[in-house]
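Once you've had a glance at the structure underneath, I'll fire off some questions.
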Amino acid sequence: MKYLNLKIEEINKLLKEKKITPTILVEEAFENIENNKELNAYITLNKEEALKQAKELENKEVDNILFGLPIALKDNIITKGLRTTCASHILDNFIPIYNATVVEKLKSKNMIIIGKTNMDEFAMGSSSRTSYFGAPRNPWNKEKISGGSSGGSATTIAARDVLFALGSDTGGSIRQPASYTGIVGMKPTYGRVSRYGLVAFASSLDQIGPMTRNVYENAILLNAIVGKDDKDLTSAKKEEEDFTRFIGKDIKVLKLAVPNFFMSDIVNIEIRNKVKDIIKVLENNGAKVDYIDIKYIDKAMTLYQIIAMGEASSNLARFDGIRYGHSKENPENIEDVYYGTRAEGFGEEVKRRIMVGSYLLSGENAKTYYNKALSIRDDMRKELTNIFKDYDLIIGPTTTTTAYNLDDPMDDPKKSFMDDVLVIPVNMAGLPGLNIPIGFDSKHMPIGMQIIANAFEEAKIYHLASFIEKELNLKLDPKGGEHNE
Amino acid sequence: MKDKLSKEEVLHVAELARISLTEEEIEKYQIELKELLNDVEKINDVKGYDDDILIACWSENTRLRKDEAKEMLNPKDVINVAPRHSGNYIEVPVVISDGEGA
């Protein structure tokens, strides 16, 4: 019996009735991971500790729906006593001394951390191929990428190893791999989830979010991780709410906007056609859909490059060979500790971005580039916020192509930004965005749709996403072998 | 527009970033960094925006922390994470020498 294939309500019932134990679920998760070892979804497994924790839970009351369930964490979310590498050589032996706030929240629900997932080094990349530990493979076709940077979390969910994973999204790193692997991935509103203990990449953009096999479970996991945190002063104070509350409701009331930019010829025709099919379905069910122009949306990638590389260069200055992580052996002097450690410890993509970022923030350049980008970003946020006066949600494709080959060339420094051209605008405006699978291309690779809401309106996104999920009823288990088309 | 940075320009940004580069890397980055820098120049095409800046999205939620002493991480644990440490100290190579070299 594969208990992790059941719905979480069913698993919860079995746990309550003592028909199964958390130990059985944890053992099953590790068996799945072992069987899917070649997918390279994990950097570190937490087997001994997870089994110990599961054993301890056996005598506890099953007090919530997430009780005893295994969860995988992207390896840039720090875990006390459990190696956290950010997929970088510079941290490949780093054992954190405290937990991220989200980790404490999961522990308070008695969820069990089973391991740390593979990713692009310091979340910089769009295919997880910049990982020091090699790229994860796409469960739908092992010769393809899983996307990035949260590629390992996407892979383990798509492969049905576990039901829950967390990723992080600075410029699309949850939604884009979710699209490539056919899973549900949510980037919450900036400030919704505490960033304390998320290794910083671009602090004004980073956000942790849930990656799951379906919409309901995604909303349930978001319920568990949100909230104001005194350790993250950008975390937002909001009334408690249940993100599942609109799931299954009628969509007649919804007004939807499709940016023309999202349906332009930068997007593969198969994907555009699939999105158009979905739009028809939505219209037939009473939703109102308009095509609109959004000012600045085509400039989002340039803003992202400046802001993300600039903030990264500043954040990654802490990796100096002195405070933690890798340090160059037998340095000649203090300069050699800095220069040598960073030369040895960082990979190519990270070095490239830190160098460009350092340049963009140096002297007068800070005004010419970074401050200017912050100004335009403010205008862009206002522009997008205005749209939500007339519309409930913005929809469109998540990616311009489906997952490409693992051995495609990596020599174009712009490629990793281009892959995220449709997901980056959301981060620029701090809005919530989600990927929902909507079908497959002619090569049987998943296609995803992006749903974007105004700030702090994640519940509306789950409303529409749950309708699409139910309406399409896709078979999204890659080992199921067949699907509806 | 020239299609690559000079060697000196690459060494300058590498110095800003505190990263030492091999000759091979310098050649590679002469082209790659130029491509990225050309890309970010596109920001100059944007006109007519106003000068307010957005430091953090939804900054109305941000606030300052009270400046007060309270229990934080255990200093011993923090020291132990450092790659070179001894007792209560983090070890680094000699920074200020007596003029005779380190």
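Please treat every number below as a calculation from the coordinates, not as lab data. Since the model is a prediction, treat every value here as computed from it, not as a measurement. Ideal geometry is used to build each Cβ from the backbone, glycine not excepted, and the neighbour counts take in all protein chains shown.
Any idea how far the Cα center of the range A:160-216 sits from the one of the range A:402-451, in Å?
14 Å
Can you give the mean number of other chain Cβ atoms that lie within 10 Å of the Cβ atoms in peptide A:346-354? All intermediate terms of the calculation are to be shown ahead of the outcome.
Numbers: counts 2, 0, 4, 1, 1, 8, 9, 2, 6.
Going residue by residue through A:346-354 and averaging, the value is 4.
Please work out the Cα center distance from the range A:330-382 to the range A:30-56, rounded to the nearest Å.
Rounded to whole Å, the Cα centres lie 36 Å apart.
In straight Cα distance, which aspartates and glutamates are under 13 Å from residue B:42, not counting same-chain residues fewer than 8 positions off?
Answer for residue B:42, where 13 Å is the Cα cut-off: A:298, listed by chain and number.
Classify the range A:419-485 from the C-alpha gyration tensor, please: rounded if a/c falls under 1.5, else prolate or oblate depending on whether a/b exceeds b/c.
Working: a/c = 3.46, a/b = 1.67, b/c = 2.07.
Here the range A:419-485 falls in the oblate category.
Could you tell me what percent of the DSSP beta bridges with both partners in the range A:1-145 are antiparallel, to the nearest 5?
Once the DSSP bridges in the range A:1-145 are tallied, antiparallel ones form about 50 percent.
Next question, about the same structure. Under the definition of partner shielding as Cβ atoms of other protein chains within 10 Å of a residue Cβ, what is the mean value for peptide A:366-376?
Rounded to a whole number, the mean comes out at 4.
Counting other Cβ atoms within 10 Å, keep those with at most 15, restrict to DSSP loop, and tell me which trypsin sites (Lys or Arg not before Pro) in the range A:383-481 are left.
Passing both the DSSP loop test and the Cβ count: A:414, A:443, A:475.
List the GluC sites (Glu not before Pro) in the range A:339-372 that DSSP assigns to loop (not H, G, I, E or B) and whose Cβ has at most 10 other Cβ atoms within 10 Å. Which are they?
A:364
Which of rounded, prolate or oblate describes the range A:40-174 when judged by the alpha-carbon gyration tensor and an a/c cut-off of 1.5?
Here the range A:40-174 falls in the prolate category.
If you don't mind, there's one more thing I want to ask. On a straight-distance basis, which lysines could pair with residue B:28 in a cross-link, Cα separation under 18 angstrom, same-chain partners fewer than 8 positions away excluded?
Hits, sequence-local ones excluded: A:351, A:414, A:415, B:2, B:4, B:7.
Cα-Cα over 22 Å: which of A:18/A:470; A:255/A:372; A:367/B:66; A:328/B:34; A:7/A:109?
With Cα atoms farther than 22 Å apart: A:18/A:470; A:255/A:372; A:367/B:66; A:328/B:34.
Let me ask something additional. Got a sec? Charge dipole of chain A, +1 on Cβ for Lys and Arg, -1 for Asp and Glu; which of A:91, A:149, A:286 is way out at the positive end?
Towards the positive end, the residue furthest out is A:286.
Placing +1 at every Lys and Arg Cβ and -1 at every Asp and Glu Cβ, with all other atoms neutral, what dipole size does the protein assembly as shown have around its Cα centre, in debye to the nearest 20?
Working: 77 positive and 92 negative charges, 359 e Å.
Dipole size: approximately 1720 debye.
May I pose another question? For the protein assembly as shown, what is the mean residue ellipticity at 222 nm derived from helices alone (per DSSP H run of n ≥ 4: -39500 (n - 2.57); sum divided by total residues; nearest 500 deg cm²/dmol)?
Counting only the DSSP helices, I get -10500 deg cm²/dmol.
Packing-wise, with mean Cβ within 10 Å as the measure, how do A:165-173, A:125-133, B:47-55 rank, highest first? List each step's numbers first, then the result.
On the way: A:165-173: 30.7, A:125-133: 25.7, B:47-55: 11.9.
Per-residue mean Cβ counts within 10 Å order the peptides as A:165-173, A:125-133, B:47-55.
For a quick check of your reading of the filter: which chymotrypsin sites (Phe, Trp or Tyr not before Pro) in the range A:245-351 sit in a DSSP loop and have no more than 14 other Cβ atoms within 10 Å?
Taking the range A:245-351 and a limit of 14 other Cβ atoms within 10 Å, no loop chymotrypsin sites (Phe, Trp or Tyr not before Pro) are found.
How crowded by other chains is A:326-333, given as the mean number of beta carbons from other chains within 10 Å of each beta carbon?
Per residue, the number of nearby Cβ atoms from other chains is 3 on average.
Take residue A:291 and residue A:228, extend 7 Å from each Cα along the Cα→Cβ direction, and tell me the distance between the two endpoints in nm.
That separation, rounded to one decimal, is 4.5 nm.
Indicate the gyration tensor shape class of the protein assembly as shown (rounded, prolate or oblate), computed on the Cα atoms with a ≥ b ≥ c the square roots of the eigenvalues: a/c under 1.5 is rounded; otherwise a/b larger than b/c is prolate and the rest oblate.
Cα axes put the protein assembly as shown in the oblate bin.
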